[in-house]
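Q: Take a look at this one; I'll ask things after.
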Amino acid sequence: MEDTKVILLVEDNPDDEALTLRALKKNNIKNDVVVARDGVEALDYLFGTGKYAGRDTALIPQVVLLDLKLPKMEGLEVLRRVRTDKRTKLLPVVILTSSNEDEDRIAGYGLGANSYVRKPVDFNQFLDAARHLGLYWLVLNEAPPARRS
Amino acid sequence: MLVSGAALLMACAALVAYDLVSFRESMAHNLAIQAQIAGSNSVSALLFNDPHSAETTLSALKAAPNIIAAAIYTQDGSRFATFSRDAGPQTTNILPSISPGQNDAYQFRDGQLALIHTIVFRGKMTGGVYIVSDLSEMTRRLKRYAGIAAMVLLASLLAALLVGSIFQRAVAEPIVNLAETARIVSRDRNYALRGTPTGKLDEPDILIAAFNEMLEQIQERDQALRAAHEELEQRVHERTAQLATANKELEAFSYSVSHDLRAPLRSIDGFSLALLEDYGERLDAEGKDHLQRIRAATQRMGMLIDDLLNLSRMTRAEIRKEVVDLSALAHSVITALREAQPERHIECRIEDRLEANADPRLVQVIFENLFGNAWKFTSKRDVALVEFGETRHNGNSAYFVRDNGAGFDSAYSNRLFGAFQRLHGAAEFPGTGIGLATVQRIIHRHGGEVWAEGAVEKGATIYFTL
């Protein structure tokens, strides 16, 4: 059931969260969005720990939209842990961040990010980016087969 | 040694020669006296024609061992009386004539000295004496002299050898040692070596002391140099560390500017748009205009932040030079500009086959800015022209980007390259005023120069070297 797969949005800024949700909605992306407000929470969701203890981790998100600058644990560290765990090794992760620094981009791709999208100031451009994201990661991209437990 | 030997030899030879000459003279003189005595004693014998008495007189010459023979001649030159040490005639029969006016004449011949003496009695030539002496005494004397000279020579040479060896020990040896030390010092650059002083306060000792002092000074200077070098290195190290820290802080600052400063802008723009979209119908035209202005300002600030970050990135970026095809790069930048504004008709003249040794990413940024500017400032021209080519400047190759656009007042040309410096209003030509500052930083980091020429409404030319 591909349609029911969630999008995990890892974002600490409530404004950005609201705007991202709005952009997804505006682009008719109907997947449920789970919001994690820091890196630890994101990992808790993915690995069924902490406040998500007991969650069926076989249900992995369709895509993770990951901010880099996060409280508790940086986005790049979250990405590293996601890639080193076999349950989430193939999980599509899109870095969605304000940073346009080469270092971040290189580090992001180096750690196995599937895509790197810079959040533009102009919300219309952001809508464009969200549309492309949705089209690619939610419609065109064949997700890796669900992990068998 | 050879020289002193030769000098001694020559001195001895001269002495011997001088002595020989004076001895010969004295010999002749002595013989003349003897002849005169014999002559005087024979006057009466000659006058009374008594050869026996004359021979008796002559026989007295036996006492002089050097006289071999003697004879007395009569007035007419015939032999009157003879004396001969060994049997057999040793004298001539007739008295050899001598030049008139002279009483004596002598001659060295065949190892003998022959002397003729005229006997004068009462102013009248009465007869002659012929006397022959051998030179054995002279030879003996000569031999003795030669022996003495040889001994003196030998003794002198021995003395010279002795003095020489003493001299060598005192002067030559320390100098040879010093030369060896100097050779090792210069070969190994080991300035810690020292010449050994002779301890005699003589010239070599002074020389060695001076040499050692010189080495001391070199060593001190070396040490001072090394210390200065180390201090400099240390300072460079510290400065580098400080710079690295400053750079890191700057990076952190840039990062936080990039990330944190943009986030609120995104909110302002995003929610302004949300307001317009969701509540637009409840706003009148003025309200919508206000929101549009908020959005425009927000986006402009976003652009400023981006440009500023770009500028700081250009300053920090590591330069990786390679051969860049400037002509191809210019074409690709122009193509991108044409694609962005296909409605504009611009004539572009790009010189072929221009190459430079530069960082291609940074040259791309230069071209985007320069051609972007040319593009922008020719927007009000009916026939817009953008050129890229190479020219000479002070003997060096310089590149230029020229347009026939709005140009600028050359009085402000030095302000063109400052960050946030704009010579046109934002309404006239949009921009953040960072483009040329970025270009200048990139060119400076390449070790090049950039300058501008232009006039209001007459276009602008930006020159640069790489």
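Nothing in this text is a laboratory measurement; each read-out follows from the coordinates by a stated rule. Since this is a predicted model, take the numbers as computed values, not measurements. As a convention, Cβ positions derive from the backbone with ideal geometry for all residues, glycine included, and neighbour counts pool all protein chains shown.
Q: May I ask for the distance between the Cα centers of segment B:422-449 and segment B:346-378, given as a whole number of Å?
A: Rounded to whole Å, the Cα centres lie 14 Å apart.
Q: Further, regarding this structure: For the pair B:Asn30 and B:Val456, how long in nm is the line joining their label points, each one 7 Å along Cα→Cβ?
A: 13.3
Q: Taking amide H atoms as placed 1.01 Å from N in the peptide plane, list the residues 5 or more away in sequence, or in a different chain, whose amide H sits under 5 Å from that of B:Ile350.
A: Result for B:Ile350 returns B:Phe388.
Q: Rank the residues B:Trp375, B:Trp451 as a footprinting-exposure proxy: fewest other Cβ atoms within 10 Å of their Cβ go first. Mind showing how you got there, number by number?
A: Working: B:Trp375 22, B:Trp451 18.
Exposure proxy ranking, most exposed first: B:Trp451, B:Trp375.
Q: Going toward the positive end of the dipole of the protein assembly as shown, with +1 on Lys and Arg Cβ and -1 on Asp and Glu Cβ, which of B:Ala35, B:Thr198, B:Phe464 do you reach last?
A: About the Cα centre, the residue reaching furthest to the positive side is B:Ala35.
Q: On to the next question. Which order do B:Ser379, B:Ser78 fall in if you start with the one that has the fewest other Cβ atoms within 10 Å? Numbers along the way, then the final one.
A: Details: B:Ser379 14, B:Ser78 11.
With the fewest neighbours first, B:Ser379, B:Ser78 line up as B:Ser78, B:Ser379.
Q: What is segment B:117-159 by shape, rounded, prolate or oblate, if you read a ≥ b ≥ c off the alpha carbon gyration tensor as root eigenvalues and call it rounded for a/c under 1.5, prolate for a/b larger than b/c, and oblate otherwise? All intermediate terms of the calculation are to be shown ahead of the outcome.
A: Working: a/c = 12.20, a/b = 4.34, b/c = 2.81.
Prolate shape, in that a/c is at least 1.5 and a/b is the bigger ratio.
Q: Rounded to the nearest angstrom and ordered from largest down, what semi-axes does the equivalent ellipsoid of chain B get from its C-alpha gyration tensor (root of 5λ)? Kindly include the intermediate steps, with their values, before the conclusion.
A: On the way: eigenvalues 3604, 188, 44 Å².
Over the Cα atoms of chain B, the ellipsoid semi-axes are 134, 31, 15 Å.
Q: Compute the semi-axes of the equivalent ellipsoid of segment B:317-464, taking the square root of 5 times each eigenvalue of the Cα gyration tensor, and list them largest first in whole Å. Working shown, then result.
A: Numbers: eigenvalues 100, 67, 44 Å².
With the √(5λ) rule applied to segment B:317-464, the semi-axes are 22, 18, 15 Å.
Q: Quick check on my link table: of A:Lys5/B:Lys248; B:Lys62/B:Lys124; A:Lys72/A:Lys119; A:Lys69/B:Lys321; A:Lys26/B:Lys380, which ones sit more than 31 Å apart, alpha carbon to alpha carbon? Walk me through the intermediate numbers first.
A: Numbers: A:Lys5/B:Lys248 42 Å; B:Lys62/B:Lys124 29 Å; A:Lys72/A:Lys119 22 Å; A:Lys69/B:Lys321 33 Å; A:Lys26/B:Lys380 38 Å.
Violating the 31 Å limit, Cα to Cα: A:Lys5/B:Lys248; A:Lys69/B:Lys321; A:Lys26/B:Lys380.
Q: Using θ = phi - 60° and the Karplus form 6.51 cos²θ - 1.76 cosθ + 1.60, what ³J(HN,Hα) does each residue of segment B:79-84 get, whole Hz, x for Gly and Pro?
A: 5, 10, 8, 10, 9, 9
Q: A further question on this structure: For segment B:292-406, build the charge dipole from Cβ charges (+1 Lys, Arg; -1 Asp, Glu) around the Cα centre, then report which of B:Ala406, B:Ala384, B:Met303 sits farthest towards its positive end.
A: B:Met303
Q: Can I ask one more? Give me A:Ser98, B:Ser26, B:Ser256 sorted ascending by neighbouring Cβ count inside 10 Å, so fewest comes first.
A: On the way: A:Ser98 27, B:Ser26 10, B:Ser256 13.
Ascending Cβ contact count within 10 Å gives the list B:Ser26, B:Ser256, A:Ser98.
Q: Note down the magnitude of the dipole of the protein assembly as shown about its Cα centre, charges +1 on Lys and Arg C-beta and -1 on Asp and Glu C-beta and zero elsewhere, to the nearest 20 debye. Could the numbers behind the result be given before it?
A: On the way: 70 positive and 79 negative charges, 301 e Å.
That gives a dipole near 1440 debye.
Q: Please compute, over every Cα-Cα pair in segment B:2-142, the percentage with a separation greater than 17 angstrom. Mind showing how you got there, number by number?
A: Working: 5986 of 9870 pairs.
Everything past 17 Å amounts to 61 percent.
Q: From the phi angles alone, apply the Karplus equation (6.51, -1.76, 1.60; θ = phi - 60°) to segment A:83-91 and give each ³J(HN,Hα) in whole Hz, x where the residue is Gly or Pro.
A: Whole-Hz 3J(HN,Hα) from phi for segment A:83-91: 6, 8, 8, 5, 5, 10, 4, 9, 4.
Q: Right, next: Only Cα pairs under 8 Å and at least 6 apart count here; give the relative contact order of segment B:2-142 as a rounded whole percent.
A: 26
Q: Let me have the relative contact order for segment B:291-404, percent, based on Cα pairs under 8 Å that are six or more residues apart.
A: Across segment B:291-404, relative contact order equals 24 percent.
Q: Right, something else. Under 10 °C and 1.306 mPa s, how fast does the protein assembly as shown diffuse according to Stokes-Einstein, given a Kirkwood radius computed over C-alpha pairs? Answer in µm²/s, whole number.
A: It comes out at roughly 42 µm²/s.
Q: I've got another one for you. Given a cut-off of under 8 Å on Cα pairs at least six residues apart, what relative contact order in percent is computed for chain B? Intermediate results must be reported in sequence, preceding the final value.
A: Details: 584 pairs, mean separation 39.8, N = 466.
Result for chain B is 9 percent.
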